[in-house]
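Each remark here refers to the structure printed beneath this line.
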Amino acid sequence: MSETTEQSEEDLAAAWGAETGADTAVDAAQAARELNQSEIDNLLGFDKGRPDGESRTGMEQIISSGLVSYERLPMLEIVFDRLVRIMSTSLRNFTSDNVEVGIDNILSLRFGDYLNSIPLPAMLAVFKAEEWDNQGLMIIDSAMIYSIVDVLLGGRRGTAAMRIEGRPYTTIERTLVERLIQLVLADLSTSFDPLCPVTFRFERLEVNPRFATISRLSNAAILARLRIDMEDRGGRVELLLPYATLEPVRELLLQQFMGEKFGRDSIWETHLAEQLWHTEVELSVVLDEQVMRLSDVIALRPGQQLLLNTMPGGPVSVRCGSVALFEGRMGQKNNNVAVKIERELVRTQAPDRF
């Protein structure tokens, strides 16, 4: 009976060992096998079989997020609204035509992403904000270029501007567009005047976006798209301001309304000032100060006397906490010890005494 039992136990152990060895071999083989592209996509959250519109999960949402959420600048939107109104009047005088200027949108994006998305041909004007010591970019699209040339050179109304693609811009076209750029930059300076004085100076005109790089490609920027309509003609003008350019006036642009005072409430300040006059302050009169060794201080016992160097009627110091306020003289009035203040001291922090 015992031999049979021992034999069955040996058989079970051998079977368990064979099964464990097989599982180990399978695990080792799976660990050594390389993952195919489909398995990698599944691990990262990429599922080609999902219906459109389903939200992304996993690493896909992190990888495909191309933009960062940047803070909004409420006052900058007001500046651009003011720019639209000023430009409408300026362009009517400039072209002697009926001009309507509108703003499509204002958005935040990366500088490099926008630079790669500019539709060519176009003219890119680099300008500098003198007081902020940084640069901005103005983009005039092809339709606006030919429209402004057609209007300024006396083209007929009601006819679309002729576009000739595939050739470089002529000197006349560049000169006329530069006049438009100077006008828009002057209006932009006027739009910022209620907020802060700034002068935008035109620097150069480029047709290749690579030569108009004024910021790191990964830096954030504000883009304002302006739409200009001149009856059947018109086009777009886009203003790109990197956040680094707006940094000197960032606090002003964060205001909800003109003249907002951050963290200040005039009503609360007045109430606080009135209540401070009724605040009780404890004053201390210092008769004398002595420097003693630590062993002498430890050796002090009840009944011992400390001799003060202040004579009756001698000068004493009046303090609030550790701040010396006044100097006076000891005296007596109505059977009370009194101090007569003689002069005010310069506000100094009294040294700590041990």
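The values are calculated or read from the model by the stated rules, or taken from the named source; none is laboratory data. Quantities reported herein were computed from a predicted structural model and do not represent experimental measurements. Cβ sites come from the backbone with ideal geometry, for glycine too, and all protein chains shown count toward neighbours.
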Seminar exercise, completed: Checked region 272-303 for anything free of Cβ contacts under 8 Å to residues at least 12 places away in the same chain, within 24 Å of Val337 (Cβ to Cβ) and small (Gly, Ala, Ser); matches are Gly303
Problem set entry | Only one of Leu217, Leu272 that is hydrophobic (A, V, I, L, M, F, W, C) and either closer than 27 Å to Asn98 by Cα or not assigned by TED's automatic domain parsing to the domain that holds Arg92 (or both) | Leu272
Problem set entry | Hits in region 82-106 (condition: of a type in the set (D, E, K, R) and in a strand (DSSP E or B)) | Glu100, Asp104
For this session: Only residues that are closer than 30 Å to Met75 by Cβ, in a loop (DSSP other than H, G, I, E, B) and at pLDDT 80 or above: list them for region 242-300, please.
Result: Leu254
Exercise. Any residue at all in region 317-326 that is of a type in the set (A, V, I, L, M) and either over 55 Å from the mean Cα position of the chain (by Cα) or closer than 30 Å to Arg216 by Cα (or both)?
Worked result: no
For this session: Please work out which one of (1) closer than 24 Å to Ser147 by Cβ; (2) among the aliphatic types (A, V, I, L, M); (3) not assigned by TED's automatic domain parsing to the domain that holds Ala122 is the condition Ile267 fails and give its number.
Result: (1)
